[in-house]
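Student: Let me begin by handing over the structure; questions about it come next.
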Amino acid sequence: MQVKAHPIPRPPAGAAQAQAVLADAWAHRPHDGATAVLAISGLQGSGKSTLADAVVEAARVRGHVAATLSLDDLYLTVAQRRALAADIHPLLRTRGPPGTHDLALAAHVLDAVAAGRPLRLPRFDKLADDRLPESAWPRVDAPLDLLVIEGWCVGVPAEADEALAVPLNALEREEDAQATWRRYCNQALGARYPALWNRLHRLWALQAPSFEVVTAWRGQQERALEAATPGRTGMDDAALARFLQHYERVSRQALRTLPERADRVLWLDAARRIARER
């Protein structure tokens, strides 16, 4: 199997922390010997992908068969998002918010994992803004002992509908004046995503100090993606600032709700160091 590379600063994914996460996942695995499904939730750039990879590596060192699946790798294709944009609202062209993930594909992957069948794990090319062809997805031939699912809004509940009336930022105010887009995303989060959340055995949350720090963290990711793929250019600062406004509402909902919903929480400082944990 192929392990994803994440050339961003590594905290909080130290070896000791990865071992602690693995031990917690193993302690709460199904009693029938089925694959343990661990989730790591955290805002963009918080280090969840790096921690997920470290946990999988720690599991492999112990002789377990383990793999990661990112919520980002479940984005709808660009063609599917264009169709949503045409049918419902233009902002659905942009990947990321609830309603732009292929939840049927997620269920297909989890069904195959639960049955111990060989499968390929989806992968998404963020610079191309499209899903990679299935032939490029890493294969999993042996039954998995552990699957680590990581994502920026994993486990987050929908907001109350009345909370959507007041726009949070310029994007919502100027491009979603009737609240059509944010209501679609919120309804998707409330109606469709819980079926996926309910299949997770354990949820860890990397709690950012604020939404504002995400701009710096996500900028580091963008530059790292460029460095890893010479000749390809990611978003500049202005494009990134607009892009992050698509995520702001659900990100703030995550900051409000995940500490009470997650099984374990790591509170991070602005440098992604662990300040405290529960």
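Student: With respect to Ala239, is the statement that it is open to solvent by 20 Å² or more (accessible area, probe 1.4 Å) and more than 18 Å from Arg95 (Cβ to Cβ) true? Working first, answer last.
Tutor: Values: open to solvent by 20 Å² or more (accessible area, probe 1.4 Å): yes; more than 18 Å from Arg95 (Cβ to Cβ): no.
The answer is no for Ala239.
Student: Restrict the check to the stretch 216-228 and report whether at least one residue is in contact (Cβ under 8 Å) with a residue 60 or more places away in the chain, open to solvent by less than 50 Å² (accessible area, probe 1.4 Å) and in a loop (DSSP other than H, G, I, E, B).
Tutor: No: zero hits.
Student: Give the residues of the stretch 96-122 that are open to solvent by 20 Å² or more (accessible area, probe 1.4 Å), touching a Lys or Arg at 6+ places or on another chain (Cβ under 9 Å) and part of a loop (DSSP other than H, G, I, E, B), sorted by residue number.
Tutor: Across the stretch 96-122, the qualifying residues are Asp102, Pro118.
Student: Among the candidates Asp72, Asp53, Asp111, which residue alone is without any contact (Cβ under 8 Å) to a residue 12 or more places away in the chain and among the acidic types (Asp, Glu)?
Tutor: Asp111
Student: Just to verify a result, which residue in the stretch 250-264, among those that are more than 16 Å from the chain's Cα centre (by Cα) and not in a helix (DSSP H, G or I), is surrounded by the fewest Cβ atoms within 10 Å (Cβ to Cβ)?
Tutor: Among residues in the stretch 250-264 that are more than 16 Å from the chain's Cα centre (by Cα) and not in a helix (DSSP H, G or I), the one surrounded by the fewest Cβ atoms within 10 Å (Cβ to Cβ) is Arg264.
Student: I'd like the full set of residues that are of a type outside the set (Lys, Arg), without any contact (Cβ under 8 Å) to a residue 60 or more places away in the chain and out of contact with any strand residue (DSSP E or B) (no Cβ under 7 Å at 6 or more places or on another chain), limited to the stretch 242-278.
Tutor: Hit for the stretch 242-278 is Glu260, nothing else.
Student: If you go through the stretch 136-150 one residue at a time, do you hit one that is over 22 Å from Ala54 (Cα atoms), in a helix (DSSP H, G or I), open to solvent by 40 Å² or more (accessible area, probe 1.4 Å) and not acidic (Asp, Glu)? Explain how you work it out, then say what you get.
Tutor: First, the residues of the stretch 136-150 that are over 22 Å from Ala54 (Cα atoms): 136.
Checking the rest, the ones that are also in a helix (DSSP H, G or I) come to 136.
Those left that are additionally open to solvent by 40 Å² or more (accessible area, probe 1.4 Å): 136.
This time we only want the ones that are not acidic (Asp, Glu), so: 136.
Looking through the stretch 136-150, at least one residue is over 22 Å from Ala54 (Cα atoms), in a helix (DSSP H, G or I), open to solvent by 40 Å² or more (accessible area, probe 1.4 Å) and not acidic (Asp, Glu).
Student: Taking the stretch 229-248 only, how many residues are of a type outside the set (A, V, I, L, M, F, W, C) and at pLDDT 90 or above?
Tutor: 5
Student: Here's something else I'd like to know. Please pick out the residue among Phe243, Phe211 that is assigned to a loop (DSSP other than H, G, I, E, B) and under 28 Å from Asp176 (Cβ atoms). Steps first, please.
Tutor: Details: Phe243 fails: assigned to a loop (DSSP other than H, G, I, E, B).
The unique qualifying residue is Phe211.
Student: Looking only at the stretch 6-42, filter to residues that are at pLDDT below 95 and in contact with a Ser or Thr (Cβ under 9 Å, 6 or more places away or on another chain); which one of those is most open to solvent (accessible area, probe 1.4 Å)?
Tutor: Applying the filter and picking the extreme gives Arg10.
The values are calculated or read from the model by the stated rules, or taken from the named source; none is laboratory data. Computed from a predicted model, the values in this text were never measured in an experiment. All Cβ positions, even for glycine, are placed from backbone atoms using ideal geometry, and neighbour counts span all protein chains on display. Keep in mind that these areas ignore ligands, DNA and RNA; they rest on the heavy atoms of the full protein, side chains included. Shrake-Rupley method; radii C 1.70, N 1.55, O 1.52, S 1.80 Å.
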